[in-house]
1. Please determine whether any residue of the range 257-270 is among the small types (Gly, Ala, Ser), touching an Asp or Glu at 6+ places or on another chain (Cβ under 6 Å) and touching a residue at least 40 places away in the same chain (Cβ under 8 Å).
2. Are there any pairs with C-beta distances below 7 angstrom linking a residue in the range 115-138 that is touching a residue at least 12 places away in the same chain (Cβ under 8 Å) and within 20 Å of Ile165 (Cα to Cα) to a residue that is part of a strand (DSSP E or B) and among the polar types (S, T, N, Q), with the two at least 6 apart or on different chains, and if so which?
3. Taking Leu203 and the conditions (1) part of a strand (DSSP E or B); (2) in contact (Cβ under 8 Å) with a residue 60 or more places away in the chain; (3) of a type in the set (A, V, I, L, M, F, W, C), which numbered condition does it fall short on, given that it satisfies the others?
4. Would you be able to say whether some residue in the range 280-300 is modelled with pLDDT of 90 or more, in a strand (DSSP E or B) and more than 19 Å from Phe118 (Cβ to Cβ)?
5. Restricting to the range 80-133, count the residues that are among the β-branched types (Val, Ile, Thr) and surrounded by fewer than 21 Cβ atoms within 10 Å (Cβ to Cβ).
6. Can you name the residue in the range 119-140 that is touching a strand residue (DSSP E or B) at 6+ places or on another chain (Cβ under 9 Å) and not in a strand (DSSP E or B) and, of all such residues, is nearest to Val170 (Cα to Cα)?
7. (1) at pLDDT 90 or above; (2) within 30 Å of Lys80 (Cβ to Cβ); (3) of a type outside the set (Asp, Glu): which one isn't true of Phe118, the others all being true?
8. So how many residues does the range 144-199 have that are part of a loop (DSSP other than H, G, I, E, B), modelled with pLDDT of 85 or more and over 19 Å from the mean Cα position of the chain (by Cα)?
Amino acid sequence: MTSRVWKRIALFVGIPLLLLACVGIIRLVVRTPKEEVVVSRKEIPSDWLAPPATQTGSLAVPEEIGQPADVTVRMRTTYKDLSGTLAVMANGKQFGEESYELHETGKGGLGMVSHGTFSFRVVFATLKAGFSQEIELDGDLRPDSYSLDLDGPLGIGSRHVEGTIVGDTVRVTSGDKEEEMRIEYHDPLVLGTFSTYALIPLLMIARENEGALQFQVIPLLGGKGKDSDAGNGDSKILLRIERTGNRVIRTGSGEVIADEYLLTSNMGDSILLGRGEEFLALIATSDKGSLVAYRSDFFPDGIDLSQ
């Protein structure tokens, strides 16, 4: 996969580009991040599984297409705690992992914390870089603030980024640099590492009656859409999310019927799978390769989406 293609896919699915850049700088140094990710296996809820009689290998249960798998929650004003662990794969090989928690804040909003690592094999060594992030959202799931810390090998590529959103203005501090970004759409969405995609099922449930939704993306490490390659510094990343039916995830326990969402942006398209409020997987593919982040606590042996 070419460097240019990697950068496009990495920006869209939230892989920190500075961590990727470390690979080209460091050759023979191994660094272990301070916080390793521990995977605590979770049992797949029985009501997620298709009854044995309906496990025919089809991609969707016809009568459920167009409806969320769990429709018990609408326009929530409170949020239950959620947590998960992700494995991140590139062309079938794992190179990242991340653990996250979502919790209700005292202000009636939602908070997210996560940490994880990315690993890169270079010559005779494996390089590891750690990261942690925090996001605060209000009761309507609009972001109030966020922060991201990168811990690159030997400090190369390390960075602390923090931002606050007031009205239609985002103020970002990264090291000794400060900048502002205007929000021109009602719904901004902070996308950083892969765990931030766990916010999307919650947003789709809270705004169910609006059908397909469009968000202006606030990337934690900055970045623009395709037009920025032509020198258009004002280009924005807009993400359209549409519920497209159901998708089967095959496991050793049976077939999980997941909610399928199509994510379309000026960085490319991907598929998000969830179940009610839970995020299960993000899949981005092209003729150049694939990137997949999935819930390793639910699916320790990986996910099978073959038909």
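1. no
2. Short answer, once both residue conditions are applied: Ser132/Ser114; Gln133/Ser114; Gln133/Ser147; Glu134/Ser147; Glu136/Ser145.
3. (1)
4. Within the range 280-300, one or more residues are modelled with pLDDT of 90 or more, in a strand (DSSP E or B) and more than 19 Å from Phe118 (Cβ to Cβ).
5. Total meeting the criteria: 5.
6. For the range 119-140, the residue satisfying everything is Asp138.
7. (1)
8. Of the residues in the range 144-199, 3 are part of a loop (DSSP other than H, G, I, E, B), modelled with pLDDT of 85 or more and over 19 Å from the mean Cα position of the chain (by Cα).
The values are calculated or read from the model by the stated rules, or taken from the named source; none is laboratory data. Note that the structure is a prediction, hence the values are computed from the model and not measured. Cβ coordinates were reconstructed from backbone atoms using ideal geometry, including for glycine residues, and neighbour counts include every protein chain displayed.
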